[in-house]
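Visitor: Structure incoming, see below.
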Amino acid sequence: MKFVSYTRCGVSGFGAAVGGGYVDLTGRLGEGIVNLKQAIAAEKLGAATTYLAGRSTEFTEADISLLPVIPDPGKILCIGLNYETHRAETRRPDAKFPTVFTRFADTQVAHGQPLLRPRVSDMFDFEGELAVVIGRGGRYIAEETAMAHVAGYACYNDATARDWQRHTHQFTPGKNFPATGAFGPALVTPDEVGDYTRLPIVTRLNGTVMQQATLADLIFPIARLIAYCSSFTPLSPGDVILTGTPGGVGDRREPPVFMKPGDVFDVEIGVVGRLVNPIGQEG
């Protein structure tokens, strides 16, 4: 099943994909459940199947403005250097543990909305990634049971101001300019995805393939990431873990290739979907 967050007639809500459109689920899966994060926390995504039985499309994408899949996650934990091709192109050493940094929720945009190149950077790079949305939270989650804590998956572009990323050895400044994290278009549940390691990931800049891999190429698989991250911080429903980007980023090309206003960048991950964003300029 696929779920989206959106605004419609000026009111935010969430719904499920049905046929060629959507059915509104705002307030329909339980009292007070008016957004996707609340539905995940209440473990009501499964109840949507019963509610949707026999129902037809209520509106189309033209009737709504999509929001980031989870507009207000409590945590966005980003994993760096998690494909061997990317680790090798950055000339970083092998690591025994994942590289973890954070992105702020208010830096996110939805599918179709512009990613904004910061006014203070001309090194605006792309990073296509699979996002994992936490369903059931917890602390010290065992790797063996970690996948039961996944609510679903989505596409993400963890766009980066490379020059600001390198001001120090910390990644945070280059990863948190406004409107630089694209998240969408939908949350796709694990039953629809199946074995995530079979998913292909492809990114394109103006139609030209820039990155290409499969999720089987992850150095640290999703279960290990969940176990590791939940050891140093409690994970909560709606939290997001970005699993890393493959090799081929613009900064490591000869010559470098960065996103600029007027470009279009897309991230496609098999049945998870295709995230497309035009590139604009911060005012």
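Visitor: Between the range 50-67 and the range 186-224, how many Å separate their Cα centres?
Guide: The range 50-67 and the range 186-224 have Cα centres separated by 26 Å.
Visitor: By counting other Cβ atoms within 10 Å of each Cβ, how are Glu84, Glu127, Glu192 ranked from fewest to most?
Guide: Ranking Glu84, Glu127, Glu192 by Cβ neighbours within 10 Å, fewest first, gives Glu192, Glu84, Glu127.
Visitor: I need the peptides 183-189, 12-18 ranked by packing, meaning the mean over residues of other C-beta atoms within 10 angstrom, with the highest value on top.
Guide: My ranking of the peptides, most packed first, is 183-189, 12-18.
Visitor: Any chance you could give the angle, 0 to 90 degrees and rounded to 10, that helix 222-232 forms with the longest Cα principal axis of the chain?
Guide: Around 90 degrees separate the two axes.
Visitor: Going by how many other beta carbons lie within 10 Å of each one, how would you line up Asp239, Asp191, fewest first? Provide the component values of the computation, followed by the final result.
Guide: On the way: Asp239 26, Asp191 10.
The order, fewest Cβ neighbours first, is Asp191, Asp239.
Visitor: Could you put Ile134, Ile269, Ile33 in order, starting from the residue whose Cβ has the fewest other Cβ atoms within 10 Å? Before the final figure, lay out the partial values.
Guide: On the way: Ile134 29, Ile269 26, Ile33 20.
If I rank by nearby Cβ atoms, fewest first, I get Ile33, Ile269, Ile134.
Visitor: Summing +1 for each Lys or Arg and -1 for each Asp or Glu, what net charge is found among the other residues whose Cβ lies under 15 Å from the Cβ of Asp191?
Guide: Net charge around Asp191: -1.
Visitor: With all distinct Cα pairs included, what does the Kirkwood hydrodynamic radius of the range 2-66 come out to in Å, to one decimal, could you say?
Guide: 11.7 Å
Visitor: Under a Cβ-Cβ cut-off of 11 Å, what is the net charge of the residues other than Ala182 that fall near it, where Lys and Arg count +1 and Asp and Glu count -1?
Guide: -4
Visitor: Further question: Given Cα pairs under 8 Å that are at least 6 residues apart, what percent is the relative contact order of the chain? Don't jump to the answer; show the numbers that get you there.
Guide: Values: 705 pairs, mean separation 69.4, N = 283.
It comes to 25 percent, rounded to a whole number.
Visitor: Using a basic spin-label model with each label point 7 Å from the Cα along Cα→Cβ, how many nm lie between Gln281 and Val264?
Guide: Label-label distance for Gln281 and Val264, simple model: 2.1 nm.
Visitor: Pick from Gly137, Gly20, Gly74: which is most flexible by mean-square fluctuation in a GNM of the chain where alpha carbon atoms under 10 Å apart are linked?
Guide: Between Gly137, Gly20, Gly74, it is Gly20 that shows the largest mean-square fluctuation.
Visitor: Would you kindly calculate the translational diffusion coefficient of the range 55-127, applying Stokes-Einstein with the Kirkwood radius from alpha carbon pairs, for 10 °C and a viscosity of 1.306 mPa s, and quote it in µm² s⁻¹ without decimals?
Guide: Estimated diffusion coefficient is 100 µm²/s.
Visitor: Give me the orientation-averaged projected area of the Cα convex hull of the chain, in nm², one decimal.
Guide: 14.5 nm²
All of the numbers you see were taken from the coordinates with simple rules; none came from a lab. Predicted, not measured: the structure shown is a model, and the values here were computed from it. Neighbour counts run over all protein chains shown; Cβ positions are idealised from the backbone, glycine included.
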